[in-house]
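The values are calculated or read from the model by the stated rules, or taken from the named source; none is laboratory data. If you're wondering where the values come from, they're calculated on a predicted model, not measured in any experiment. Cβ coordinates were reconstructed from backbone atoms using ideal geometry, including for glycine residues, and neighbour counts include every protein chain displayed. For accessibility, only protein heavy atoms count, side chains too; no ligands or nucleic acids. Shrake-Rupley method; radii C 1.70, N 1.55, O 1.52, S 1.80 Å.
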Amino acid sequence: MGVAISIQDLSFTYAETTRPALRHINGEVEEGTYVVVMGHEGAGKSTLCCSLNALVPRFFRGEYSGRVLVQGIEVARARVAEMSRRVGLVLQDFEAQLFSTSVELEVAFGPENLRLPRDEIERRIDRYLRFVGLAEMRRREPASLSGGQKQRLAIASVLALEPPVLVMDEPTTDLDPIGREEVLSVADLLRQERRTLLVVDHDPETAVDADQVWLMREGEVIAQGPPREVLTDLALLESCGVQPPPTVALFQALGWPGQPLTVEEAIALIREHGLAHPRPLEAPTAPPNGRPVILELRDVDYVYSTRAVEALKGVNLQIREGEFLAIVGQNGSGKTTLAKHLNGLLKPTRGEVLFRGRPLGEIRRTEMARHVGYVFQNPDHQIFSNTVREEVGFSLRMAGMDPRTIEERVAEALAVVGLSGYEDQVPFTLTKGERQRVAVASVLAAQPQVIILDEPTTGLDYRHQRSMMEMLRGLHRRGHTVIIITHSMWVAAEYAERVVVMKEGRILLDAPTRAAFAQEGILAEASLRPPPLLRLGNWLGTSGLTLDAMVEELRSR
Amino acid sequence: MNIFLYLDENTWFHRLDPRTKIIGVLLLFGLIIVFNHPLYMGAIALGLVGLAAAAKALPNFWRMRYILALLVIFSTVLWPFFAKGPTVIWSWGRLEVSRESLMYAVAMGLRLASFVGAGLIFLSVTTNEEFTHGLIRLGLPYPVAFAFSTALRLVPTFAGAGATIVQAQISRGLDVESGNIFQRAGKFIPLGVPLFIYAVRHTNMLAMALESKGFSPGEPRTWYLNPQMRRGDYVALAVLTAIFLAALFLRLQGYGAVLPRL
């Protein structure tokens, strides 16, 4: 079997920057194998992807040295359009890749560029839409598809060029669990076809089936090997900002034999060695914290006028002061619509929303902004100032505060998010994780009692996810009510006190976190699954929510 | 958010070749300009509504009902003061309204509404790609046509991002509804800057995606869309041309005009 990709001492520095994005990368990918690349934000993963189809150095200019060969062709000497026949690249932001008005034309675009005859294009549209499971959607508008469907369409549109090598840059980051599984099952099919596949991903579960895992840190590839070797070196993973497989971490912490990468393996090992005995789970049922209700939804229905779709149906929800609440559910289940009712961005079609017992309709929007802060998913939707100081002080200036108070509050908010000393930086040049923090700080500066965050960890690497969530935990400890909307089950499990599961505009389940994650059946109805650790915990009957708590519990048994 | 007007139906109009649709709508525009008598314009407007019904485009007319009504009303109210006719029925100083100018005003209102209506029918039966493809078949260079269609395509995307940005800033206490015009203009910055940056990022990403799929402007390519001029197309064009020429002939004979200018 031949070598599909060969990278020889590749270094690259983007024009107008000084820090190299890639340093002396070496690596080989055999034809028909599956490589997963992992690493922290800014480790050079995307740059590596782009260097395989000549976007680096053709589209992104800079200082380039070393060689990349794909099927024996030197990439740096080829044009991107030529490379497209050999390397298909699926970018992280699938929204930006789709631009046609129908699914079939989206897939036709690549083959048209290859100057294929019409009947061949027709054949490829058929084949690849069926391959990704979108054959029924041929005439649909891409904008009307779900996230997982959009990403699968983006994959089909690249596959239609029939490249022997397929590269996917974080194809599942913005997707809900079901969308993730849809995309990963396409990856499985590709492997069965023996195509060469290189995927960048954060989730260790994706990497379990890989032939090789590459770990990147600061522009270097610091480990290459089979998953069982790379994914069990926890210290190394942590140093790269990658989440270690929780089952491995658990076994190592307990000193149990074996390195199970999946929950199934872990259960098999526990049974084989008799390491612990499953018991029925006694989920702690914490009573409400006894503090006053701060936000309440009563029989709320909401219908989007433009779509005439009912986004919320008969929602009843009480949130008490000082709670830490996670709202989970698939895309389109109504999570964001629900959250936007809590600060009055949306007005219910029927029913009412109360803030400290007052109907929201009676409170001015600008006043609500001081009580309930809302951090949008993408920080770039709100950042506009030249300095971090101005950005964070914006809502205070809007409220007409005096400069001294503004200065104090800004400093305080920046300290909370861990960005003290960043006052004079230009927000646009910060990393995604830092911009996310600026967005949080700019909401915090108004000192709202309630803070709502839409997908606070999406697009961040494990390290940044942790620090973002630790920061929110800090806010919660200071008495703030924190509400997060999230796809990430482990985030909800480790940080929230209470979980609200949504499905098709209704609340399917509303329970203390541990009890919620014990209901695997109900979660499955909403196409969700508990995080691996809690799946194992459900089987073992442990009531802990974090690794440490589980370790302690199992030790004391 | 859907600002596109295309309605995915399968009428005879939808199946026409895009070239026929483009030339056809131009002929309709021509026809609309010919007369300025309200009765003639009324007939044309009615004809367009009939066409819209046949093309199942009436939902779009309904969506645009306020704009259409506004055009007719404003024009009817304002034109009488600007057009001058011989039979004066009311005057105040230099302002005067004549019977002819009033009729002319109604005709102009109908003309504007008909323009919008003809355009609506066209957009209801033509996808973005068909339009682009039609333009290319009519001789427009591909890079120009591609830029044009991409720009059209990005409008709803940016509109969606714009809506999110407005919500994000309102949540931070931006009050977009109060203040005088200068204060309001200042509030544009928190909305405009993120949108601009979003647009630059998005466009850059799109360019990467296009190149990665083998696109290079100016290079020859093939087409999946393959519209053919069929008999129906020729018949449609012939009928429209005949109607247009007949109308032009009538007008030159002095019919269908309340005031001599076009």
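Per-residue answers, yes or no, for (1) assigned by TED's automatic domain parsing to the domain that holds A:MET550; (2) open to solvent by less than 40 Å² (accessible area, probe 1.4 Å); (3) in contact with a helix residue (DSSP H, G or I) (Cβ under 7 Å, 6 or more places away or on another chain); (4) part of a helix (DSSP H, G or I):
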| residue | (1), (2), (3), (4) |
| --- | --- |
| A:LEU250 | yes, yes, yes, yes |
| A:PRO257 | yes, no, yes, no |
| A:GLU264 | yes, no, no, yes |
| A:ILE267 | yes, yes, yes, yes |
| A:ILE270 | yes, yes, no, yes |
| A:PRO284 | no, no, yes, no |
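Being in contact with a strand residue (DSSP E or B) (Cβ under 7 Å, 6 or more places away or on another chain), more than 15 Å from A:LEU166 (Cα to Cα) and not hydroxyl-bearing (Ser, Thr, Tyr) holds for only one residue in A:ALA78, A:ALA15, and it is A:ALA15.
The set of residues from region A:90-103 being within 26 Å of A:VAL75 (Cβ to Cβ) and facing chain B (nearest Cβ under 7 Å) comprises A:LEU91, A:ASP93, A:ALA96, A:GLN97, A:PHE99. Could you go through region A:532-554 and let me know if any residue there is more than 27 Å from A:LEU237 (Cα to Cα) and either free of Cβ contacts under 8 Å to residues at least 40 places away in the same chain or aliphatic (A, V, I, L, M) (or both). Checked against the condition, which is being more than 27 Å from A:LEU237 (Cα to Cα) and either free of Cβ contacts under 8 Å to residues at least 40 places away in the same chain or aliphatic (A, V, I, L, M) (or both), region A:532-554 yields no hits at all. Going through (1) open to solvent by 40 Å² or more (accessible area, probe 1.4 Å); (2) away from every other protein chain (no Cβ under 14 Å); (3) not in a strand (DSSP E or B) one by one, A:ALA43 falls short only on (1). Quick check on A:LEU55: is it of a type in the set (A, V, I, L, M, F, W, C), within 13 Å of chain B (Cβ to nearest Cβ) and touching a residue at least 40 places away in the same chain (Cβ under 8 Å)? Criteria not met by A:LEU55. Kindly provide the set of residues from region A:518-532 that are assigned to a helix (DSSP H, G or I) and among the hydrophobic types (A, V, I, L, M, F, W, C), ordered by number. Answer for region A:518-532, where residues must be assigned to a helix (DSSP H, G or I) and among the hydrophobic types (A, V, I, L, M, F, W, C): A:ALA518, A:ILE522, A:LEU523, A:ALA524. Residue count for region B:161-206 under the criterion of being among the polar types (S, T, N, Q) and either surrounded by 17 or more Cβ atoms within 10 Å (Cβ to Cβ) or facing another protein chain (nearest Cβ under 7 Å) (or both): the result is 4.
Entry remark, region A:533-548: residues being in a helix (DSSP H, G or I), farther than 18 Å from A:PRO204 by Cβ and within 25 Å of the chain's Cα centre (by Cα) number 2 in total. Could you list, in sequence order, all residues of region A:128-146 that are open to solvent by 60 Å² or more (accessible area, probe 1.4 Å) and either more than 12 Å from chain B (Cβ to nearest Cβ) or of a type in the set (A, V, I, L, M) (or both)? The answer is A:ARG130, A:GLU136, A:ALA143. Against the list (1) among the small types (Gly, Ala, Ser); (2) surrounded by fewer than 20 Cβ atoms within 10 Å (Cβ to Cβ); (3) closer than 21 Å to A:THR101 by Cβ, the condition B:GLY24 fails is (2). Restricting to region A:205-226, name every residue that is open to solvent by 10 Å² or more (accessible area, probe 1.4 Å) and part of a helix (DSSP H, G or I). If the condition is that a residue be open to solvent by 10 Å² or more (accessible area, probe 1.4 Å) and part of a helix (DSSP H, G or I), then A:GLU205 is the only one that fits.
Matching residues to (1) charged (D, E, K, R); (2) buried (at least 22 other Cβ atoms within 10 Å of the Cβ); (3) at pLDDT 95 or above:
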residue: A:ILE452; (1), (2), (3): no, yes, yes
residue: A:GLU455; (1), (2), (3): yes, no, no
residue: A:LEU472; (1), (2), (3): no, yes, no
residue: A:ALA496; (1), (2), (3): no, yes, yes
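A:ILE125 passes every criterion in (1) open to solvent by 20 Å² or more (accessible area, probe 1.4 Å); (2) in contact with an Asp or Glu (Cβ under 6 Å, 6 or more places away or on another chain); (3) of a type in the set (A, V, I, L, M, F, W, C) apart from (1). Restrict the check to region B:3-23 and report whether at least one residue is more than 15 Å from B:ILE121 (Cβ to Cβ), within 14 Å of another protein chain (Cβ to nearest Cβ) and not acidic (Asp, Glu). Scanning region B:3-23, I find at least one residue that is more than 15 Å from B:ILE121 (Cβ to Cβ), within 14 Å of another protein chain (Cβ to nearest Cβ) and not acidic (Asp, Glu), so the answer is yes.
Screening the candidates A:VAL37, A:VAL87, A:VAL80 for the property of being more than 13 Å from chain B (Cβ to nearest Cβ) and buried (at least 23 other Cβ atoms within 10 Å of the Cβ) yields one hit, A:VAL37. Within the set B:ALA118, B:ALA151, the sole residue that is over 30 Å from B:GLY50 (Cβ atoms), among the small types (Gly, Ala, Ser) and either in a helix (DSSP H, G or I) or free of Cβ contacts under 8 Å to residues at least 60 places away in the same chain (or both) turns out to be B:ALA151. Could you check, for region A:64-74, whether at least one of its residues is surrounded by fewer than 24 Cβ atoms within 10 Å (Cβ to Cβ) and either among the hydroxyl-bearing types (Ser, Thr, Tyr) or at the interface with chain B (Cβ under 9 Å from one of its Cβ atoms) (or both)? The answer is yes; a qualifying residue exists. Scan region B:164-183 and tell me whether some residue there is assigned to a helix (DSSP H, G or I), touching a Lys or Arg at 6+ places or on another chain (Cβ under 8 Å) and touching a residue at least 12 places away in the same chain (Cβ under 8 Å). No: zero hits. Picking from residues in region A:483-516 that are without any contact (Cβ under 8 Å) to a residue 60 or more places away in the chain and touching a strand residue (DSSP E or B) at 6+ places or on another chain (Cβ under 6 Å), the one that is farthest from A:GLU205 (Cα to Cα) is A:LEU509.
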